[in-house]
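Reviewing the structure listed below.
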Amino acid sequence: MEKVIAVAASLSVFITWEALRPFFAFGRGHWYRAASNAFVGVTNTVLGRLLFAWVYARVFAAFTTGRVGLLGLFDMPPWAGIALTLLLLDLWSYWWHRFNHTVPFLWRFHRAHHTDTEMGATSAYRFHPVEIIFSSVLRLPLILLLGLKPEGLVLYETILTVSVAFHHANIGLGPRADAMVRSIIVSPVMHKLHHSDKPGEFSSNYSSILSVWDRIFGTWTETEHPEGIRLGLAIYRDNWWQGYRGIMLTPFRGSASLPAKANKADS
Ligand SMILES: [Zn+2]
Ligand SMILES: [Zn+2]
């Protein structure tokens, strides 16, 4: 329920904000790609409910009550267990995103997120269902191994929902405010660079909530001129890739070349 409220509230706020004061002027195909993104999001929600809601509930009921996993080895108050769960999940999100850019097979699916030629709050939902299935399956052993807390997982998902809508929204905070925000969490400019069509830029800024991971692992980039960023991927600029079918078929058309190679070849 928390996640439903987070989705509805964040979409309402950021869609209104970007309609009133967009950072980049929206193009003519804006509503077409926004509707496609939203429809992909609905597909993922239905799939998630059908495939994983029951499995996750059973796993938590069976294995995560009492002291289990790595966190179970330490005596700590409940709030510390939840705080560590949030940190570890955010660290995992960073590496999972990075793997999606560095493993050719995973990039096939993740590039459907990067073919968006505009960014907006609905881009937060443009993930290929296969990527969602992989990430949901891989997170299960992680949860068990580390003994992550179910309350922490729900809280993380809720914060992530708002964070992802915020940094994908087509909004500008102004240079100083954006710099302050990105010193702690991923800001709109920080994530716009991740959606740039320049290999050096989209192979950076992988963080999901806390921005510190990019600093720690050496993938942080900044720009003084976010208005000059060209969004999307060079070889998928045709409008066909913005439709529901185009998004779903993106992994199966073209080679599994990693992004840097694909774009260098094209430019
Ligand atoms: Zn990415
Ligand atoms: Zn993104």
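The values are calculated or read from the model by the stated rules, or taken from the named source; none is laboratory data. Predicted model only: the values in this text are computed from it and were never measured. For neighbour counting, all protein chains shown are included, and Cβ atoms are generated from backbone atoms with ideal geometry for every residue, glycine included. These area figures cover heavy atoms from the full protein model, side chains too; ligands, DNA and RNA do not enter into them. Shrake-Rupley method; radii C 1.70, N 1.55, O 1.52, S 1.80 Å.
Some points to look at:
- Taking the Cα centre of the chain as reference, the dipole from Cβ charges on Lys and Arg (+1) and Asp and Glu (-1) amounts to some 560 debye.
- Taking all protein chains together, Arg245, Arg108 sort by accessible area into Arg245, Arg108, largest first [probe 1.4 Å].
- Comparing Cα centroids, the range 1-33 and the range 164-234 end up 18 angstrom apart.
- Take the Kirkwood radius over Cα pairs of the range 2-266, plug it into Stokes-Einstein at 20 °C and 1.002 mPa s, and you get 112 µm²/s for translational diffusion.
- Rounded to the nearest 10 Å², the accessible area of Glu131 at probe 1.4 Å: 10 Å²
- From helices alone, the chain scores -18500 deg cm²/dmol at 222 nm; the rule is -39500 (n - 2.57) for each run of n ≥ 4 DSSP H residues, then divide by the residue total.
- Non-local Lys pairs in the range 110-267, i.e. 8 or more apart or on different chains, that have alpha carbons under 22 Å apart: 4
- Where Tyr244, Tyr156 fall by accessible area, highest first, once all protein chains stay in place (1.4 Å): Tyr244, Tyr156
- Separation of the Trp79 and Arg49 label points, Cα + 7 Å toward Cβ, nm: 3.5 nm
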